[in-house]
Amino acid sequence: MHRHPEVDLKRWIIEHDYERKTKDYIKIKHMQQMKTSKLTIDRFDLFTIIFDILISILGSLVVNRLIPILKEKFIKAQLWGHDLNKRNSTEIKVAESQGVIAAGIFLILMFIMIAIVFSEHLHPESVFPHNKFVEYLAALLSICCMVLLGFADDVLDLRWSVKLLLPLIASLPLLLVYFANYHSTTIILPKPVRPYLGQQWNLGILYYIYMSMVAVFCTNAINILAGVNGLEVGQSIVIAISILIFNLVELQGICWEEHLFSLYFMIPFIACTLPILIKNWYPAEIFVGDTLCYFSGMTFAVVGIIGHFSKTMLLFFIPQIINFLLSIPQLFHFIPCPRHRLPRLNPELNKLNASEVEFKKSDLKKLEYLNNDGELMISTINFTIINTVLCWCGPLHEEKLSRILILIQIVFGTLLTFFIRYYLVKFFYDS
Amino acid sequence: MHRHPEVDLKRWIIEHDYERKTKDYIKIKHMQQMKTSKLTIDRFDLFTIIFDILISILGSLIVNRLIPILKEKFIKAQLWGHDLNKRNSTEIKVAESQGVLAAGIFLILMFIMIAIVFSEHLHPESVFPHNKFVEYLAALLSICCMVLLGFADDVLDLRWSIKLLLPLIASLPLLLVYFANYHSTTIILPKPVRPYLGQQWNLGILYYIYMSMVAVFCTNAINILAGVNGLEVGQSIVIAISILIFNLVELQGICWEEHLFSLYFMIPFIACTLPILIKNWYPAEIFVGDTLCYFSGMTFAVVGIIGHFSKTMLLFFIPQIINFLLSIPQLFHFIPCPRHRLPRLNPELNKLNASEVEFKKSDLKTLEYLNNDGELMISTTNFTIINTVLCWCGPLHEEKLSRILILIQIVFGTLLTFFIRYYLVKFFYDS
């Protein structure tokens, strides 16, 4: 075959063009693969949700069985506390850190769930969605790491500054995956500020700082709204159910895949923490420890970040935010902060009073310039939502106080959030 | 422009052919992506190894600082033991479970390493190797889960049957990822058996059972070869250094990517456990606890499985295998098994003797048919390698015994393995 130079050139052009078009085609395929690959939720996804519910029920029963079995071992390992708000507080040792049992069974359930969720892609013809798999694994790695560090904190009783560091470490896999999957760090600005700041704002590295702050905040916010039987795990379950409802609503929407991801996590979470709630409710047989606060906080942070609804999720935390803002004077030591700020028992009435903190005026270091009465004793109630409720309602029985606080969580956390998210949002954002 | 029907058909054929060729091109690209994407180790990989060494040194110093800082907290949390082989054993409380410190710092180092290793792929033009990212995350998830369960076992003192269950749970992410990345479950049979069983053998699901058994074996095998200062962490470091050398040798070979992966894990592992070894060596200031055995065993299982060199890695465990085989009569209760089988101190000589177990002949339930002397007391040394050494060498000082056992690990674990792997292998496999 004779080779005319002009024919070679044409062939080169054709092949070059072919290669270029193929590379564009691959790139588009690649980007499409990263985005939602199915248009809407299908039968297989419904099957996975039902499977999730079934194994979660099983997990719930396992947790329920494990709690009495391991109670003695926890007490023997010095993981116990006195229920300070009972009249016979010093007589009974109550097992602490039970959150680790819920967290352990939760992890096992999620291992099984990953296998089921990705089982439809495990034949050679289908392209395995590694980018989604990576998000699941990173989520579980963050939660597992947080539970490990949280349980170590409970056992070793590390100092409070560590409580800010540990969630940061555990959130690193999340940040990695967020970066690796080319997720956007641009936020859309609300309508009122658009004339001044523009349509949107690329936060860049600030978005990553924001994400790790979400993890730090969620864990510690649950931790400081505590001290009454059933409060920590109760608020966690209310928030989890709120996220669950939000996910179910959004499954009809555009971002249904992210909400399905979050749903897979919320169902086992609620199932595993429910037995803990039942046993921790008044009168408490077990205590949940910091481990549960770490576990809950990180799970919520994980689903909020990977599901791209962290702002809505933070709205579910409105009571915790209010409690945090209230507590700022004591947390930052403008006013002295005692070891425990939980309410105090009034033994005759068997009701709780708001606890107080006494200090000399001279202890108000930062506000020293305000007055010169150095020796005057000031007594003020500790600045928490719990004490605020007791101030407004007077002394309350502990169970009634718990119910009121959970009600506050439902009204100001959940209902208010849905009102903001589905009604007020029209004034701030386009649909 | 007029449309001649024949022209449309031609166009359709051309486009259809184009689409088919493109899909083939994509499929080939996809398969190539799963395989080694670079032909050999390059400068960026050398940079990552150096970075790994640097942060490992930093991690090593941190572990070294943390051990004395947290010692009191461990003791206060009831995580301590008496050094039974010292004359003043009941006077000093030795902090236990220090392995969790090494494991925690190791995890933090590996989080940083993942970010560095994958940083070269984090620009939009490059195709991010999600399948490799998935293997790293699953490896870390398995190790993290194992450390959590192992630390909980140390704290709560769970019963021995749990020690077989926990590594199985923690190895689930590994199995998942192995399945998801279409790795082969076919083993190549050695030359002598080929005439009878064929060239190769697809084990299918048996291969997955084998992988989880590797995890269970590695953790428990290190755990039962214990009882002398510095033995558990010493053998772990010897095995780790052996794997490191093996990886460095194989970096020149075909499977260099898997060995690079393993290298990334071994360097921080050795760095983090080195301070533990220094403080655990005779005379021990700290004890490592079951946590270190779990941590080491799972790390080795992880690199062996994902690096596809599990058979060679098990060869490094030859002393542990021999110890396990020796211990079978006691582990399966053919002969009664006491709580501790470590050597006993001879206080005058300050040397250790082989420990013994006494039992009546009638306790030999399984071998009852052998004899009728029901009440005769039999006394035999506990069946471990440690006692065997003491039988051969007579009473030894504890430090000398440790040195001999580490020497046995080096000779029969490392040197023998390299001899088998690089010399004897020629008789069993083609190159």
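Every number here is computed from the coordinates shown, using simple stated rules; none is lab data. Predicted model only: the values in this text are computed from it and were never measured. Heads up, the Cβs are rebuilt from the backbone with ideal geometry, glycines too, and the neighbour counts pull from every protein chain shown.
Key figures
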{"quantity": "Highest-MSF residue in chain A out of A:77, A:95, A:152 [GNM, Cα springs under 10 Å]", "calculated": "A:77"}
{"quantity": "Virtual paramagnetic centre 7 Å along Cα→Cβ of residue A:378, amide N under 16 Å, in the range A:303-346", "calculated": "A:327-338"}
{"quantity": "Cleavage-rule hits, chymotrypsin sites (Phe, Trp or Tyr not before Pro), the range B:267-332, DSSP coil, Cβ neighbours within 10 Å at most 14", "calculated": "B:332"}
{"quantity": "Trypsin sites (Lys or Arg not before Pro) within the range A:118-184: DSSP coil, no more than 16 neighbouring Cβ in 10 Å", "calculated": "A:159"}
{"quantity": "Computed magnitude of the charge dipole of chain A (debye, nearest 20; Cβ of K, R +1, Cβ of D, E -1)", "calculated": "380 debye"}
{"quantity": "For chain B, the longest site-free run once GluC sites (Glu not before Pro) in DSSP loop states with at most 10 other Cβ atoms within 10 Å are removed", "calculated": "B:126-347"}
{"quantity": "Footprinting exposure proxy for B:381, A:186 (fewest neighbouring C-beta atoms within 10 Å first)", "calculated": "A:186, B:381"}
{"quantity": "Of the chymotrypsin sites (Phe, Trp or Tyr not before Pro) in the range B:86-160, those whose Cβ has at most 15 other Cβ within 10 Å and which sit in DSSP loop", "calculated": "B:160"}
{"quantity": "FRET efficiency, residue A:160 to residue A:209 (Cβ-Cβ, R0 22 Å, nearest 0.05)", "calculated": "0.55"}
{"quantity": "For the protein assembly as shown, convex hull of alpha carbons as volume per residue, Å³", "calculated": "262 Å³"}
{"quantity": "Taking B:166, B:70, B:416 and counting other C-beta atoms within 10 Å, the order from fewest to most", "calculated": "B:416, B:70, B:166"}
{"quantity": "P(r) of chain A over all Cα-Cα pairs, binned every 20 Å from zero, in whole percent", "calculated": "22, 50, 21, 5, 2, 0"}
{"quantity": "Selected from A:339, A:87, A:43 as most flexible by GNM, with chain A as the system and alpha-carbon contacts under 10 Å", "calculated": "A:339"}
{"quantity": "FRET efficiency, 1/(1 + (r/R0)^6) with R0 22 Å, evaluated for residue A:419 and residue A:191 via beta carbons", "calculated": "0.75"}
{"quantity": "Under Karplus coefficients 6.51, -1.76 and 1.60, residue-wise ³J(HN,Hα) of the range B:78-87 in Hz, glycine/proline x", "calculated": "6, 9, 8, x, 8, 7, 5, 9, 10, 5"}
{"quantity": "Inter-chain shielding of A:170-179 (mean C-beta neighbours from other protein chains, 10 Å cut-off)", "calculated": "4"}
{"quantity": "Residue order, fewest to most beta carbons within 10 Å, for B:414, A:388", "calculated": "A:388, B:414"}
{"quantity": "Separation between Cα centres of the range B:145-184 and the range B:201-219, rounded to whole Å", "calculated": "13 Å"}
{"quantity": "Added length on full extension, which subtracts the Cα-Cα distance from 0.36 nm per residue, residue B:249 to residue B:75", "calculated": "58.3 nm"}
{"quantity": "Alpha-carbon centroid distance for the pair the range A:302-354 / the range B:251-304, whole angstrom", "calculated": "42 Å"}
{"quantity": "Over chain A, relative contact order from alpha-carbon pairs under 8 Å, at least 6 apart, %", "calculated": "19 percent"}
{"quantity": "Sum of -39500 (n - 2.57) over DSSP H runs of 4+, divided by residues of chain A (222 nm, nearest 500)", "calculated": "-20000 deg cm²/dmol"}
{"quantity": "Highest-fluctuation residue, B:327, B:119, B:171 considered, GNM on chain B with Cα pairs under 10 Å", "calculated": "B:119"}
